[in-house]
Structure formats: C-alpha cells, structure tokens
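The values are calculated or read from the model by the stated rules, or taken from the named source; none is laboratory data. It should be emphasised that the depicted structure is a prediction, and the values quoted were computed from it without experimental measurement. No Cβ is skipped: glycine too gets one built from the backbone with ideal geometry, and neighbour counts run over all protein chains shown. Heads up: the accessible areas ignore ligands, DNA and RNA and are worked out on the full protein's heavy atoms, side chains in. Shrake-Rupley method; radii C 1.70, N 1.55, O 1.52, S 1.80 Å.
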Amino acid sequence: MSKYKMISPAVTNVPWQEKPDNLKGAPVWRYTENPIIGRNPAIGVARIFNSAVMPYKDGFIGVFRGEQINGIPYIYLGRSKDAIHWDFEKDKIPFVDENGESFMPAYAYDPRLVKVEDTYYIIWCQDFYGAAIGMAKTADFKTFTRLENPFLPFNRNAVLFPRKVNGNFMMLSRPSDSGHTPFGDIFISESPDLVYWGKHRHIMGKNPEWWQAVKIGGGAAPIETSEGWLLFYHGVTSTCNGYVYSIGGAILDIDEPSKVKCRCENYLLTPEEWYEERGFVPNVCFPCATLHDSESGRIAIYYGAADSYVGLAFTTLDEIIDYIKEHSVVRETDTEEGRR
Ligand code: BMA
C-alpha cells in the first residue's frame, strides 16, 4: 500500500527499473542504459537534451531541444512506444500565429510540455529582444499555435502547472539576465486566460547549500500529490571550472503554491556518470519532465545531461516524499507569501 497518493491518471507503461541494492541511501537511481538519446540523433541535429515527454494515445510524445549543426537550438517533436526509444520528426516544430501564418522564433530551447484540460502547451526559452519565455498550444500535435509571450525579458525556465489552481493557470519562471545569469530564484505567476499574467509571487531562492547556492530554476511540471505539489527543479553551484547543475526536490502547498512546505537540503541527483560529467557543457543534470503512474507510484525523471544527452532516472512517490520530508530545511523566504 502506498503512503501517499498521486492525483493524476494511471500510466502503467512508465519506463521502470527497480532500485539497485548498492544504492540504498539514494532516493533517485539512474537507468542502466543511459543515455537514452546519444549524439547526432537526427539528420542536421548534433545533440538532443533538456527535453520534455508525456503519455499520448497508446505511447508517448515529446518536445526535444535539438541543437542543429549550425549551433542554433530548436524544438523537435518525437514519438515513442516505450518512452526510451524515440523517433524524431525531421523538421522543426512549425509554429504558427493565430491566423495560421508561420511564426517561428529565432531560436528555441529547454521546452516543457504540459497538458491542462484538453490542450497541450509547450513552453520554452526564445528571443524576445533578449532571452524570454515562448509559449504555444496544440490539440493534435499537428498545428502549434503561438500564444502571447507571457513575461518580459529576461526570463527562463517557465513551467506550467498541469491544472488551474483557484481558477487560474499557474506558471513558474526564473527571471534572468541576458547572459549565463549568476543569480536566480523561482517565482510563480497566475493567469485567467494565458494572456494576462500577474499576482507574481516569490516561491524559493538560492540557498546556503552549496549545490544550489548560485541559482535555481523550475524543472519538471509539478506532480499533484496528497502532500502538495511535488517539484523537481535544478540547483546550480559555481566552481573554478564553471557551473554544476544538480536536481533538487521540494513540495509546494496545494492551494497556495508560493508556499514551500518541504525543501530537500540534499541534491537528489548530481553529475557523476560520464554522460553527465563530459559533453558540450560538462557537469549538467537538468530535469524537464517526469512520467508518473498514480497506480504504482513510479516516477521516471527525464533530464538533460551535459547539454549533450537525455538521461532517465527513477524514484517512487513514497520514497521521494519521505526523503524530501526527512531532509527538509525550509527558510523564511520559502514559507512566506512571496509578496513584498
Ligand atoms: C542554462 C540553460 C540550459 C543549459 C544550462 C547548462 O543556462 O541554457 O539550457 O542546460 O545552462 O549549460
């Protein structure tokens, strides 16, 4: 019997491996066949990483950050039967405006994919006179209609919640600068219509724990659970050899998600394997999605590795919630309303 409940559909074909015996203390364990997407995965695409997937029909669908061989990132659609082996569409996602005319951003990276009611939303980072958030919707994965850009530049790591809270759409984001941003906290904003965004609140900031001492950013769309919204996010530290990106975990209040109920002081996953430590940008674990099954409590975390590969890691709802609770350190900036 599970201790905790996921409030989401059953997805019984979530990829899965049991926890190895030698990892007793770790709350998250890697897929042994990682990386699941290697170099040059499609014609004209050198690397796929920082990508988001979800169940679709009898299989899975995903939006993938593909670094083209001209060095410019774009978003590609991929389909899979098992969420491990992926077929990518040859062309970039063809975004259109509200009149159906082609409306392509100059570049697009770090996509998230979230279903709210009957519509699928893609949220990514793009140029809007500087790095900012782009957004599009689709009902059928054939027509992708751009929405108004939700926030002013500079901003990155926007993550939509999978349902409205108190009648409004909710989105996390991380205000940034125009470069590699040596700061950054997670904020939340609300919208009644996905056009007008407001009621901005601070959720949580960088912390004294060294792995998240420089900046943090939203990762996977939060999972609704009996304990609150389970959020996997990334935390960044700075070393004499550059940034290191790890995966962290927190639980947000279900009705007032700007309040952090629990926040794990330990990272959940940090670069340790060759495909995380070595690549275009070394030492990056960057979560963008989960697949999760409310029946078994299984959670599969999809993360970009070293800006070069896609990795897969596993946990269960009971294990991760217990771990976050046991190692939770919440500070005043986490628990306050987030308005000043
Ligand atoms: C961040 C983003 C991510 C990337 C990370 C590490 O600023 O651009 O796409 O994975 O840097 O390079």
Per the C-alpha gyration tensor (a ≥ b ≥ c, the square roots of its eigenvalues), region 40-81 is rounded if a/c is under 1.5, else prolate if a/b beats b/c, else oblate; here it's prolate
For region 38-99, the per residue accessible area (1.4 Å probe, Å²) is 47
Set Lys81/Lys259; Lys215/Lys259; Lys19/Lys137, cut-off 29 Å on Cα-Cα distance; pairs above it are Lys81/Lys259; Lys19/Lys137
Per its Cα gyration tensor (rounded if a/c is under 1.5, else prolate when a/b beats b/c, else oblate), the chain is best filed as rounded
In Å², rounded to a whole number, the accessible area per residue of region 271-340 with probe 1.4 Å is 40
Note to self, the chain gives a 222 nm [θ] from helices alone (DSSP H runs n ≥ 4, -39500 (n - 2.57) apiece, / all residues, nearest 500) of -1000 deg cm²/dmol
The percentage of the accessible area of region 166-320 (probe 1.4 Å, all protein chains present) made up of carbon and sulfur atoms, to the nearest whole number, is 51
Spelling it out for Ala221: with amide H atoms placed in the peptide plane at 1.01 Å from N, the residues 5 or more places away or on another chain with amide H under 5 Å from its amide H are Thr290
Excluding residues fewer than 8 positions from Lys5 in its own chain, the aspartates and glutamates with Cα under 16 Å of it are Glu224, Glu227, Asp253, Asp293, Glu295, Asp318, Glu319, Asp322
Ordering 134-141, 264-271 by per-residue average of other C-beta atoms within 10 angstrom, highest first, gives 264-271, 134-141
With 0.36 nm assigned to each residue of separation and the Cα-Cα distance removed, Asp91 to Phe280 gains 65.7 nm
